[in-house]
Amino acid sequence: MRGIVRGALGCAAGAVLLAGSGVMAQDLERGRLLHENHCRMCHDSVAYKRSEHIAKNVADVKAQVTRWQTNTGLRWTEDDIDSVTAYVAKQYYKFPLPGEAK
């Protein structure tokens, strides 16, 4: 009986991990789309190519995303901010995302 319970728990944990990885991919795609539509016109040309980055970690990236979406009046949801943060942190800064293997 214990083996069956352990096996079921293992399968459930695996399903959660797989579902979680799909959500991350979806969030990165949403982040990419929001970035391309609202940020890229200014930031691709200069911001990510500086030798001295303002952001030193994912939390710094989130602070900048939050700041700029507020300054430009975008009214993004927290999920939108997190999606853009994840995309920019991974794509431009090459920071590992929380929960991602380093």
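Every read-out reported here was derived from the displayed coordinates using simple, explicitly stated rules and does not represent laboratory data. Everything numeric here is computed off the predicted structure, so don't read it as measured data. Reconstructed Cβ throughout: ideal geometry from the backbone, glycine too, with neighbour counts over all protein chains shown.
What translational diffusion coefficient, to the nearest whole µm²/s, does the range 27-91 have by Stokes-Einstein, given a Kirkwood radius computed over alpha-carbon pairs, a temperature of 4 °C and 1.567 mPa s viscosity?
Details: Rh = 11.7 Å.
D = 110 µm²/s.
Based on the mean of other beta carbon atoms within 10 Å per residue, what is the order of 81-94, 30-43, most packed first? Please list the in-between numbers first.
Details: 81-94: 20.0, 30-43: 15.9.
My ranking of the peptides, most packed first, is 81-94, 30-43.
Within a Cβ distance under 9 Å of residue 30, other residues only, what is the Lys/Arg minus Asp/Glu net charge?
Values: positive: 32; negative: 27, 29, 79, 80.
Around residue 30, the charge tally is -3.
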